[in-house]
Amino acid sequence: MKNVAHPDTVLIIDFGSQVTQLIARRVRETGIYSEIVPFQLADEAFTRLKPRAVILSGSPASTIDIGSPRVPEAVFDSGVPVLGICYGEQTMCAQLGGKVEAGHDREFGRAFLEVKEDSALFDGVWAKGTRHQVWMSHGDRVTAIPPGFRVIGTSTGAPYAAIADEDRKFYAVQFHPEVVHTPDGAKLLRNFVQKIAGIEGDWSMSAYRANAVESIRKQVGKGKVICALSGGVDSSVAALLIHEAVGEQLTCILVDHGLMRKKEAADVVAMFREHYNLSLILVDASDRFISALEGETDPEKKRKTIGRLFIEVFEEEASKLGGADFLAQGTLYPDVIESVSFTGGPSVTIKSHHNVGGLPDRMNMKLVEPLRELFKDEVRVLGKELGLPDSFIGRHPFPGPGLAIRCPGGVTREKLEILREADAIYLDEIRKAGLYDAIWQAFAVLLPVQTVGVMGDGRTYEFVCALRAVTSVDGMTADFYHYDMNFLGNAATRIINEVRGINRVVYDVTSKPPGTIEWE
């Protein structure tokens, strides 16, 4: 399922910036629907979506280079308000009669904008003559602005740091208003979409739910749907939404691949069978998956093996049900964005275990993906709208490959059991300390190294367990959680004492940069 009707859409044209998703997040926070498309598809998307406003993202590219990305001319000719950000400003200027040059006072990081003129973009946020922190990331700079534009802000390295053609409602900034390092940036984006474009912030999850249900019914018709239910928030919300739309035409399949957390499969089955009247089949395929993975060290091969086996299991179960017309899964918007990234580079690897690119040709089923327009935090809101309990909505994300990617190096049954026990103790300590809801994601990793230790009167040679915990809103960026050392001490002591096979515990303080989707 794609393209649920949104009459007031802001189209974001992605030129490859690692923070493009943050633009969409900031727009949606105003209650306005936004959609990102790579620049190669922008012409078609502009015609199809008929957006009320367009935002142009940043990019690692240079407008100086031959063949660098450009905005469809139809966007500038349409009369729709346009906001260019960083590279977006540069390509606006290059295409509309200005000039961009390389090698002039590059700016990366914190900078300060001098507001030279009042404008609708700054209304109620920044006044003429004031100075404000912004975040810059550019090597090229605009050296001449197109006819009709005026300068409304400057910085040390960018004499045209903010420009406006208010007759055409064209605005452009060299800095990044979407990042938190530009403290007032979200307010500027709100001015653009609400005051300049005149869009009312009335996009709600209840409206999304109603539109999605209608779209699912239209797509599925009288067909049969099987849903890949993992027990995570995404697949669970997708299942409930599809069940609301087509009822008994849906059958959920939970594959226990032996890579789930302790007692997770049983807990998920109990919750759905006790609280929701939908058909659920539990398939114990743990031996099949673990046998195929045993000894495998390459993380990409692990993913591909798991993905292949998932498909095989679903084919077999669909056959037992007399066939199915659709396969449903909880693909999210960041998955889709990564999979259509114009670079064609890391996203192919990052999302290789998702089926966002489609199913194998041999599967005579179509995909139903009712969440593909939502970010993670929006899925949680939809889950609440659908009646999922708070305790379930707040569950930490658990990617499809499960413990396999949290067991770097060769996978063995013994290592999986060691990791499962350590992970269960860690999460138990987090809950006991009242920290679970304050942390976006926490889990244990069994490192592929062993160390010599002394336990009691003897030496041990056992594995090292790493603990991870991060804070985030939507999983696009994250920072490590700042634990009290007493907590870490208690958790480590329990793991070492209660899990045979681990003699050392470390805490991972790596932050998660923009543009990545998972921890591994």
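The values are calculated or read from the model by the stated rules, or taken from the named source; none is laboratory data. Computed from a predicted structure; not experimentally measured. Heads up, the Cβs are rebuilt from the backbone with ideal geometry, glycines too, and the neighbour counts pull from every protein chain shown. When the accessible area is computed, the model is the full protein with side chains, heavy atoms only, and any ligands, DNA or RNA have been set aside. Shrake-Rupley method; radii C 1.70, N 1.55, O 1.52, S 1.80 Å.
Some notes on this structure:
- Residue match in the range 291-312 (condition: assigned to a helix (DSSP H, G or I), at pLDDT 90 or above and small (Gly, Ala, Ser)): yes
- Of the strands (runs of 3 or more DSSP E) lying entirely inside the range 124-200, the ones with 1 or more residues being surrounded by 17 or more Cβ atoms within 10 Å (Cβ to Cβ), touching a helix residue (DSSP H, G or I) at 6+ places or on another chain (Cβ under 6 Å) and on the phi < 0 side of the Ramachandran plot are found at 141-144, 170-173.
- Any hit, the range 81-91, residues being in contact (Cβ under 8 Å) with a residue 12 or more places away in the chain and surrounded by fewer than 21 Cβ atoms within 10 Å (Cβ to Cβ): no
- Cβ-Cβ under 6 Å pairs, at least 6 apart or on other chains, the range 31-54 side touching a residue at least 12 places away in the same chain (Cβ under 8 Å) and surrounded by 20 or more Cβ atoms within 10 Å (Cβ to Cβ), far side assigned to a helix (DSSP H, G or I) and charged (D, E, K, R): Ser34/Arg28
- Failed item, numbered, when Ala318 is tested on (1) touching a Cys at 6+ places or on another chain (Cβ under 9 Å); (2) open to solvent by less than 20 Å² (accessible area, probe 1.4 Å): (1)
- Taken over the range 236-251, the criterion of being part of a helix (DSSP H, G or I) and open to solvent by less than 10 Å² (accessible area, probe 1.4 Å) is satisfied by Ser236, Val237, Ala238, Ala239, Leu241, Ile242.
- Taking first residues from the range 127-146 that are within 27 Å of Ala61 (Cβ to Cβ) and partners that are open to solvent by 50 Å² or more (accessible area, probe 1.4 Å) and β-branched (Val, Ile, Thr), the Cβ contacts under 9 Å between residues at least 6 apart in sequence or on separate chains come to Trp135/Val180; Asp140/Ile64.
- For the range 317-337, a residue qualifies if it is out of contact with any strand residue (DSSP E or B) (no Cβ under 8 Å at 6 or more places or on another chain) and modelled with pLDDT of 90 or more, and exactly one does: Lys320.
- A Cβ distance below 6 Å, combined with a sequence gap of six or more or placement on separate chains, defines the contacts here; from the range 203-227, residues that are within 23 Å of Ile281 (Cα to Cα) and touching a residue at least 12 places away in the same chain (Cβ under 8 Å) reach residues that are polar (S, T, N, Q) and in a strand (DSSP E or B) in the pairs Ile226/Thr251.
- Among the candidates Arg168, Arg150, Arg209, residue that is basic (Lys, Arg) and closer than 30 Å to Gly400 by Cβ: Arg209
- Test for Ile350: is it at pLDDT below 85, more than 20 Å from Glu35 (Cα to Cα) and not hydroxyl-bearing (Ser, Thr, Tyr): yes
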